[in-house]
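A short worksheet on the structure shown next.
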Amino acid sequence: MLSKESCIMVVDDMKMMRRAITIYLKSLGYSNIIDAESGADAINKYKSNKVDFTFMDIVMPIKDGYEALQEIRAYNSSAAIAMLTSVADEEILSKCLAEGAIGVILKPLTKENGADKLKAILEKIA
């Protein structure tokens, strides 16, 4: 599982979703959490912070999650990124996984399942 001291970035254009994911991560013991509201913002923050793991929404304005995934992985080919989506489009999900995403979390995240869904992805990280 990812170390509790790790820096986690949460990327989603919906402030409420960023806040909810941050709460779930804190309930799992993580406190070094930064957020971004678009793919472009995520790329800038990734490059200016030591980010260990990223949860990134796919559908966002300005630059979507797939484009940001590509740019971040071009910058750091070992970047650990899991995608978030409410749209189960098999083509885009396959493209994200082929680009190096370590997994996909389907929204919605609820108070009953949110922390468990995030934990399942974080347990994949050594």
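The values are calculated or read from the model by the stated rules, or taken from the named source; none is laboratory data. Owing to the predicted nature of the structure, the values given are computational and were not obtained by experimental measurement. Here Cβ is always computed from backbone atoms with ideal geometry, including for glycine, and neighbour counts include all displayed protein chains.
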For T54, only one of the following conditions fails: (1) within 18 Å of L97 (Cα to Cα); (2) part of a helix (DSSP H, G or I). What is its number?
(2)
Could you check A101 against (1) touching a Leu at 6+ places or on another chain (Cβ under 7 Å); (2) surrounded by fewer than 20 Cβ atoms within 10 Å (Cβ to Cβ); (3) among the small types (G, A, S) and say which number it fails?
(2)
Pull out all pairs, ordered by first then second residue, where Cβ-Cβ is under 7 Å, the residues are six or more apart or on different chains, the first lies in the stretch 31-54 and is over 23 Å from E5 (Cβ atoms) and modelled with pLDDT of 95 or more, and the second is in a loop (DSSP other than H, G, I, E, B) and of a type in the set (D, E).
E37/D13; S38/D13; G39/D64
Meets criteria (touching a strand residue (DSSP E or B) at 6+ places or on another chain (Cβ under 7 Å), over 20 Å from S3 (Cβ atoms) and at pLDDT 95 or above) for R18
yes
Taking the conditions exactly as written (crowded, with 17+ Cβ neighbours inside 10 Å, within 14 Å of L122 (Cβ to Cβ) and touching a Gly at 6+ places or on another chain (Cβ under 8 Å)), does I81 satisfy them or not?
yes
Any idea how many residues of the stretch 47-72 are of a type outside the set (A, V, I, L, M, F, W, C) and surrounded by 24 or more Cβ atoms within 10 Å (Cβ to Cβ)?
3
Sort out which residues of the stretch 79-125 are part of a loop (DSSP other than H, G, I, E, B), among the small types (G, A, S), under 18 Å from A68 (Cα atoms) and more than 13 Å from the chain's Cα centre (by Cα), and write them in order of number.
S86
Residue identified as surrounded by 17 or more Cβ atoms within 10 Å (Cβ to Cβ) and among the basic types (K, R) among K117, K111
K117
I'd like to know if the stretch 4-23 contains one or more residues that are in contact (Cβ under 8 Å) with a residue 12 or more places away in the chain, surrounded by fewer than 20 Cβ atoms within 10 Å (Cβ to Cβ), of a type in the set (S, T, Y) and assigned to a helix (DSSP H, G or I).
yes
